[in-house]
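> Following this message is one structure expressed as structure tokens.
Every number here is computed from the coordinates shown, using simple stated rules; none is lab data. Please read all numbers here as calculations on a predicted model, not as lab measurements. For neighbour counting, all protein chains shown are included, and Cβ atoms are generated from backbone atoms with ideal geometry for every residue, glycine included.
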Amino acid sequence: MTVVERRAARVLLVDPAGRALLLHGGDPARPGTNWWFTPGGGLNSGETPAQGAARELFEEVGLRVDPADLGEPYWRQVTEFSYDARDYRQQQEFFLLRVPGWQVDTAGMNADELATITGHRWWSADEIEASSESIYPVELPELLRRAR
């Protein structure tokens, strides 16, 4: 089994109530398997994590930010997962961005994102903990409470 090594950047987009905006989607290789996740994704060649996070934020939710406004990474993680019949080991950096609110605009999504991202909503730490749905990263409630 070949594991694809990749770097990614993600954004904890947090509103004044301390809720995080999460996207809902699934794996084309596993129909019916869905989960919630933070905006973000793999870095393009030559991109810094902040540049990648800003690009992904615009593509996935329509929010344009200057990479410098993201500051330093809030949290780092290495995760392993399967997607579209490939295994990944991903080093990812999470940036914290507070917003007064945001209305998601999906016009910037690419074809793969449009096919696999099916929804979005704002989640509190308590709602995440009470949910039986798959929500990533699993440390998200703690990260949100620490961000207060």
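> Can you tell me how the range 48-119 classifies by the Cα gyration tensor, rounded, prolate or oblate, using a/c under 1.5 as the rounded cut?
oblate
> Let me ask you something else. Hey, can you rank 10-16, 126-132 by average C-beta count inside 10 Å, highest first?
Highest-to-lowest ranking by the protection proxy: 10-16, 126-132.
> Right, here's the next one. Please give, to one decimal in nm, the separation of the simple spin-label points placed at Phe58 and Trp35, each 7 Å out from Cα toward the Cβ.
2.8
> Okay, moving on. How much mean residue ellipticity at 222 nm does the chain get from its helices, if each DSSP H run of length 4 or more adds -39500 (n - 2.57) and you divide by all residues, to the nearest 500 deg cm²/dmol?
-6000 deg cm²/dmol
> For the range 89-135, would you read off the P(r) tail past 18 Å as a percentage of all alpha carbon pairs?
57
> Among residues other than Arg30 whose Cβ falls under 14 Å from its Cβ, what is the net charge (Lys/Arg +1, Asp/Glu -1)?
That works out to -2.
> When only C-alpha pairs under 8 Å and at least 6 residues apart count, what is the relative contact order of the chain, in percent?
The normalised contact order for the chain reaches 34 percent.
> Then there is this: Run the quick spin-label model on Asp66 and Thr48: label points 7 Å from Cα toward the beta carbon, then report their separation in nm to one decimal.
Those two pseudo-labels are separated by 1.2 nm.
> Suppose the chain between Phe81 and Val4 were pulled fully straight at 0.36 nm per residue; how much longer would it get relative to their current alpha carbon spacing?
26.7 nm
> Sticking with this one: In nm, what is the difference between 0.36 nm times the number of residues separating Tyr88 and Asp105 and their Cα-Cα distance?
3.3 nm
> Could I ask something else about it? If you take every residue apart from Arg64 with its C-beta less than 11 Å away from the C-beta of Arg64, what net charge results, scoring Lys and Arg +1 and Asp and Glu -1?
On the way: positive: Arg55; negative: Glu59, Asp66, Asp69, Asp105.
Local net charge: -3.
> Report the convex hull volume per residue for the chain, counting only C-alpha atoms, in Å³.
That works out to 111 Å³ per residue.
> Please report the antiparallel percentage of DSSP beta bridges with both residues in the range 3-142, rounded to the nearest 5.
60
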